Amino acid sequence: MRRAPIEAAAWLDSLLGNPGDPANPFSYARCAELDDVDAFPTEICARLDELGVARHYVPARHGGGLTDYETAMQVMRMVARRDITVAVAHGKTYLGGVSVWVGGDAEQAAGLAELIGSGVPVSWGLTERDHGSDLLHGDLVGTATPDGYRLTGEKWLINNATRGGAICVLARTSPAGGPRGFSLFLVDKTRLAAGTYRHLPKVLTHGIRGADISGIEFADAPIGTSALVGAPGTGAETVLKGLQLTRTLCAALSLGGADHALATATRFASERRLYGRRLVDLPAARHTLATAYTDHLMAEALAVVGTRAIHGLTDEMSVLSAAVKYLVPTRVEGLMVMLRKLMGARSLLRDEYEPGGLAKVERDHRIVSLFDGNTLVNLHALVNLFPTLVRAHQRGTSPAAGLAAVTTLTEPLPDWLPERQSLVSRRGSSLLLGLPAVAAEITALAADEPELAPLAALTGRFLTAVGDLHQRLAAVRSTPMDVPKSTFVLAGHLACCLAGAATLHLWLRNRAAFAADSADGVPETAALWRNGIWPQAVLSRVLGAMHDRTCRQTACYPAMFDALASQVSADCLPSLFDCRLAEGRRQPSWSMPC
């Protein structure tokens with residue numbers, strides 16, 4: 001079955017041409033060359049501008065092409081599967097603009113949309129050298145004047161701080177600081193007086209070496225009142241709401257990196273011969289690939305539901321964004337380690353198998369779990385939500401009406417309304433609250449379809465595990481400043497439960513639509529949706545991560561491996577959905593639809 005988000009992503013990929021062709025400007029070879037010399041991918045970013053990718057950074061209400069966040073995620077995933085550096089360098093503009101989409105006025109949003117439409121990169125100035133992710137202790141000051149404000153101080157480790165034509169800056173506007181002591185300013189650098197700001201040097205990094213990771217220092221720089229985003233003192237709240245969107249969209253970088261890594265390792269295992277046998281013929285190698293693929297599909301399921309929830313479960317994004325930002329990058333980091341061990345020394349060679357190779361993908365991807373709130377920041381965010389989630393579970397709160405549209409991929413999504421965002425989900429999590437009904441449906445299906453019995457059994461165990469987890473969450477008595485390791489472990493288990501819940505909802509609501517073979521699809525992709533194959537594999541990984549040592553559900557792994565191998569050999573995306581890549585297409589000459 002064709003889906004608009006995947007179709008838009010495949011269209012872009014085809015326009016960008018075969019990444020395996022060294023003559024292609026956006027090829028693995030060219031990206032490896034740029035990486036060797038820490039060079040910014042200027043020409044590639046210009047090509048993305050020509051193809052209208054930046055339109056996906058501007059909401060449709062402001063004249064852009066961002067109509068649904070899943071499409072935006074899938075489009076950037078296609079960029080990241082070629083090169084994470086390029087995705088980080090180009091995609092930063094959305095992060096720079098998100099505060100205006102969340103908290104700015106119509107005139108401000110229109111002006112920013114015009115700026116982005118003209119090809120001007122925008123950056124987001126949040127972190128500082130001495131405070132890192134502790135945004136409420138920032139020292140950059142915005143001092144009120146009769147004509148506006150004056151900015152003094154620096155922001156550091158900022159993506160596109162030098163190359164960006166505009167920057168959205170979080171500044172202390174009250175000496176006392178605190179949650180209401182910071183404001184946001186959209187600063188057009190072309191309007192600043194000479195000598196009132198300077199760019200800090202590019203920082204050399206081990207990954208994403210070509211990206212502009214630098215900083216900016218303001219020296220009593222005057223800006224007008226029109227630069228203020230939202231009301232004075234609302235900067236921290238606006239940033240937190242913006243992070244609910246950006247953290248969720250960061251899944252695109254991880255999925256793209258995993259797409260690349262899985263394809264590379266699968267091709268290698270199919271071609272590598274030792275003592276007359278292919279590596280892929282060894283049961284251990286097939287098991288490793290099936291396990292890595294399972295983790296990838298778990299991450300994809302949570303990412304798809306998370307991005308769609310921006311529209312349909314907007315007020316629950318405090319839960320989902322933290323879970324997505326924690327689980328997706330860490331699962332992808334783990335699967336890359338598995339694949340590195342499978343490939344052995346050749347995973348570390350620069351050109352032996354593929355320009356850049358698996359080592360570059362793995363190295364570049366490490367940044368994803370660090371920015372927009374690192375792993376501990378997102379686990380801490382989940383810890384803070386324990387009381388709310390426990391109360392909703394104990395009350396038996398009904399899931400939100402929007403859950404059906406979020407998890408049914410054939411259903412249209414409502415418009416994203418930023419005014420519906422909330423710093424705390426008062427309902428808890430509809431994904432978890434809807435689990436008992438999902439489990440009952442699967443049990444009923446298994447009564448008529450015996451092949452679903454293994455999935456029904458796993459679902460029952462998972463539902464019990466979710467109930468047990470809520471009991472442990474209820475017993476937590478840590479304070480925000482004294483969180484023991486065991487509590488962070490529980491937060492990780494909560495994220496796994498949300499991924500398992502997303503998997504079950506997604507499979508149940510869409511199995512009929514995706515279990516039928518498509519004319520140009522891979523039959524094994526449709527087979528994943530029949531008989532509960534991929535949710536069985538995912539639930540076994542989820543329960544294993546929650547220390548259920550008795551869960552060794554591997555009977556579905558041969559089918560998982562077959563699907564992965566078939567997708568890779570057919571030049572398709574390793575995915576829950578049929579998507580033919582540029583390697584298997586002719587390059588079209590038309591423009592990408594928005």
May I ask for the angle, rounded to the nearest 10°, between helix 69-82 and the longest principal axis of the chain, with both axes built from Cα atoms and the value confined to 0 to 90°? 80 degrees
Could you tell me which residue out of Leu243, Val53, Leu432 lies farthest along the dipole of the chain toward its positive end? Charges go on the beta carbon: Lys and Arg +1, Asp and Glu -1, centred on the Cα centre. Leu432
Give me the tail of P(r) for region 448-535 as a percent: Cα-Cα pairs with distance above 15 Å. 68 percent
Put a dot 7 Å past each Cα toward the Cβ at Asp21 and Ala512; how far apart are the dots in nm? 4.3 nm
Can you check how the C-alpha radius of gyration of the chain compares to 2.2 N^0.38 Å, as a plain ratio? 0.94
Which residues' amide hydrogens lie under 5 Å from the amide hydrogen of Gly181, considering only partners 5 or more residues apart or on another chain, with H built in the peptide plane? none
Listed highest first by mean packing, meaning other Cβ atoms within 10 Å per residue, what order do 13-21, 308-316, 136-144 come in? 308-316, 13-21, 136-144
Using a probe radius of 1.4 Å on heavy atoms only, what accessible surface per residue do you get for region 333-467? Whole Å² is fine. 45 Å²
Share of accessible surface on carbon and sulfur in the chain, whole %, 1.4 Å probe and ligands ignored, is 55 percent
If you project the alpha carbons of region 28-180 onto their three principal axes, what span does each projection cover, largest first, in Å? 51, 38, 26
Residue span Ala437 to Ser398: 0.36 nm per residue of separation minus Cα-Cα distance leaves a gain in nm of 13.0 nm
The helix 235-249 Cα axis meets the longest alpha-carbon principal axis of the chain at an angle in degrees, between 0 and 90 and rounded to 10, of 30 degrees
Nearest-0.05 FRET efficiency for Ala345 and Glu451 at R0 = 45 Å, using Cβ-Cβ distance, is 0.60
What would the Debye formula give as log10 I(q)/I(0) at q = 0.29 Å⁻¹ for the alpha-carbon point model of region 486-540, no solvent? -1.08
Calculate the all-directions average of the projected area of region 221-371's alpha-carbon convex hull, and give it in nm². 12.2 nm²
Relative to the first principal axis of the alpha-carbon coordinates of the chain, what is the inclination of helix 106-117, with its axis defined by its Cα atoms, in degrees from 0 to 90 and to the nearest 10? 70 degrees
Starting from the Cα of Asp134, move 7 Å in the Cα-to-Cβ direction to define the label point; list residues of region 240-255 whose amide nitrogen is under 20 Å from there. 240
Binned at 10 Å from zero, the C-alpha pair distances of region 120-201 give percents of 18, 54, 26, 2
Using helices alone, I'd like the mean residue ellipticity at 222 nm for the chain: each DSSP H run of four-plus residues gives -39500 (n - 2.57), total over residue count, nearest 500. -17000 deg cm²/dmol
With +1 at each Lys and Arg Cβ and -1 at each Asp and Glu Cβ, the charge dipole magnitude of the chain around its Cα centre, to the nearest 20 debye, comes out at 1140 debye
Amide H contacts under 5 Å for Leu66, restricted to residues at least 5 apart in sequence or on another chain and with H modeled in the peptide plane, are Val58, Ala60
How big is the gap, in Å, between the Cα center of region 511-580 and the Cα center of region 410-448? 22 Å
Longest to shortest principal axis, alpha-carbon extents of region 351-440, angstrom: 57, 34, 33
Local electrostatic count at Lys155 - Lys and Arg +1, Asp and Glu -1, tallied over other residues with Cβ under 14 Å: -2
Sticking with the crude label model, points 7 Å out along Cα→Cβ, report the distance from His287 to Arg426 in nm, one decimal please. 5.1 nm
Pairs from Lys241/Lys325; Lys92/Lys485; Lys92/Lys341; Lys189/Lys325; Lys202/Lys360; Lys202/Lys241 whose Cα-Cα separation, in the structure shown, is over 24 Å: Lys92/Lys485; Lys92/Lys341; Lys189/Lys325; Lys202/Lys241
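The values are calculated or read from the model by the stated rules, or taken from the named source; none is laboratory data. Model, not experiment: these values are computed from the prediction. When we count neighbours, we look across all protein chains shown, and the Cβ atoms used for this are built from the backbone with ideal geometry, even at glycine. Surface areas here come from the heavy atoms of the whole protein model, side chains and all, with no ligands, DNA or RNA. Shrake-Rupley method; radii C 1.70, N 1.55, O 1.52, S 1.80 Å.
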